[in-house]
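Q: The following block contains the structure, expressed as structure tokens.
The values are calculated or read from the model by the stated rules, or taken from the named source; none is laboratory data. Source: prediction; values computed, not measured. Because the Cβ atoms are built from the backbone with ideal geometry, glycine has one as well, and the counts that use them run over all protein chains shown. All accessible areas refer to the heavy atoms of the entire protein, side chains included, with ligands and DNA or RNA removed. Shrake-Rupley method; radii C 1.70, N 1.55, O 1.52, S 1.80 Å.
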Amino acid sequence: KSNIRENYTFDNFVEGKSNQLARAAACQVADNPGVSYNPLFLYGGVGLGKTHLLHAVGNEILNRNPDAKVIYMHSERFVQDMVKALQNNAIESFKKHYRSVNALLIDDIQFFAKKERSQEEFFHTFNALLEGNQQIIMTSDRYPKEIEGVEDRLKSRFGWGLTIAIEPPELETRVAILMKKAQEAKVNLPHEVAFFIAKRLRSHVRELEGALNRVVAHANFTGKPITIEFVKEALRDLLALQEKLVTIDNIQRTVAEYYKIKVADILSKRRSRSVARPRQVAMALAKELTSHSLPEIGDAFGGRDHTTVLHACRKIKELREENLDIKEDYLNLIRTLSS
Ligand code: ADP
Ligand code: MG
């Protein structure tokens, strides 16, 4: 019996700019396991849909071939099972079990860190599967090379196929996800309410789901219709927390720390690149993550004009598309600020 969760499918995975590539690669792999990208490595922060995509691939493979042997495995579980097998002198059948699959879906491989024996075993399994053209898909919360405590030869092999990032969903995708989940739960969620929630809660999909569940429970409980006012009440503590966390102040401090400069530099008139770029990043973040207006943001950045802020936002948007470093920096900062 397969351990693939039937409710995680491609059909109910909402596509957006942030997960498009990952979804497309996962689809291709599901269509042609072992043939197109092997291994496929998906990485990204918590709650962004990695586990969902793994199961979606599993379901699709099984739809096409009900006899296929597909195993989903959290890497912590892999480690536990292996330790047990070692204790029971059953390591041979453990190996055989994994080496007989059509597709092996290994989740959160950052948990292999510092587990040398498991890495060794996984390494052999990994090689055997690749040789047999059996599909491997792995996920992790970070880029393979950045996983500490995992052997270099293993990390470099992880990158042999295709490595793709899943990024935090942008506003439209967050709205679409909420609408989809509400529809699945047969709840009437007005679009403007979904927009309000998505606008306020920006960290990850799991948080959105949690918020929606709470709104729904509250609605069932009170029998009231779901309006923005209603949501403000139902999610009061969550929203307050969000407001408190992402302030311009906090953004300036976080950005200064990230680029190893001083907040005073950000507020100053200095124009050297090492200060001006972080300042622009901080302004763009302030626009994206808070509900302050351009003039308010300008004020908070040492009394600058609102057109300077606007220019910074445009510049950073442009740079994020053509400069990988800035793109990476920006995402890291968003992650830090909204976690
Ligand atoms: P991760 O494994 O990356 O931490 P999950 O796959 O567990 O994240 O996703 C968390 C929750 O959010 C799951 O319930 C999942 O169904 C949902 N989810 C994440 N991304 C999407 C998406 N694009 N469309 C629909 N649901 C999503
Ligand atoms: Mg997961």
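Q: Looking at Ala234, Ala312, which one is open to solvent by less than 80 Å² (accessible area, probe 1.4 Å), on the phi < 0 side of the Ramachandran plot and modelled with pLDDT of 95 or more?
A: Numbers: Ala234 fails: modelled with pLDDT of 95 or more.
Result: Ala312 is the single residue among Ala234, Ala312 that is open to solvent by less than 80 Å² (accessible area, probe 1.4 Å), on the phi < 0 side of the Ramachandran plot and modelled with pLDDT of 95 or more.
Q: Next question, about the same structure. Can you tell me which condition Arg153 does not meet? The list is (1) in a helix (DSSP H, G or I); (2) within 16 Å of ligand 2 (Cβ to nearest atom), and all the others hold.
A: Exception for Arg153: condition (2).
Q: Can you tell me how many residues within the range 276-302 are part of a helix (DSSP H, G or I) and open to solvent by less than 40 Å² (accessible area, probe 1.4 Å)?
A: 15
Q: Can you give me the number of residues within the range 1-47 that are buried (at least 21 other Cβ atoms within 10 Å of the Cβ), free of Cβ contacts under 8 Å to residues at least 60 places away in the same chain and more than 15 Å from ligand 1 (Cβ to nearest atom)?
A: 1
Q: Taking into account only those residues within the range 95-112 that are open to solvent by 20 Å² or more (accessible area, probe 1.4 Å) and more than 16 Å from ligand 2 (Cβ to nearest atom), which is modelled with the highest pLDDT?
A: Ranking the qualifying residues of the range 95-112, first place goes to Asn102.
Q: Considering each residue of the range 48-71, count those that are within 11 Å of ligand 2 (Cβ to nearest atom) and open to solvent by 10 Å² or more (accessible area, probe 1.4 Å), and give that number.
A: 5
Q: Failed condition for Lys115, given (1) among the basic types (Lys, Arg); (2) more than 16 Å from ligand 1 (Cβ to nearest atom); (3) surrounded by fewer than 16 Cβ atoms within 10 Å (Cβ to Cβ), with all others met?
A: (3)
Yes/no per residue for (1) crowded, with 16+ Cβ neighbours inside 10 Å; (2) at pLDDT below 95:
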position: Leu171; (1), (2): no, yes
position: Ala194; (1), (2): yes, no
position: Leu201; (1), (2): yes, yes
position: Arg206; (1), (2): no, yes
position: Glu209; (1), (2): no, yes
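Q: Residue check, Arg273 against (1) under 26 Å from His52 (Cβ atoms); (2) open to solvent by 70 Å² or more (accessible area, probe 1.4 Å), all met but one. Which one?
A: Of (1) under 26 Å from His52 (Cβ atoms); (2) open to solvent by 70 Å² or more (accessible area, probe 1.4 Å), only one is false for Arg273: (1).
Q: Scan the range 188-201 for residues that are of a type outside the set (Phe, Trp, Tyr), within 21 Å of Gly49 (Cβ to Cβ) and away from ligand 1 (no atom under 14 Å from the Cβ) and jot them down.
A: Leu189, Ile197, Lys199, Arg200
This table checks each residue for (1) more than 18 Å from the chain's Cα centre (by Cα); (2) more than 16 Å from ligand 1 (Cβ to nearest atom); (3) under 30 Å from Val193 (Cα atoms).
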site	(1), (2), (3)
Ile106	no, no, no
Gln110	no, no, no
Phe126	yes, yes, no
Glu146	no, yes, no
Val150	yes, yes, no
Gly161	yes, yes, no
Glu170	no, no, yes
Thr173	no, no, yes
Ala176	no, no, yes
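Q: Let me ask something else. Any idea which of Val83, Val14 is modelled with pLDDT of 95 or more, more than 16 Å from ligand 2 (Cβ to nearest atom) and among the β-branched types (Val, Ile, Thr)?
A: Val14
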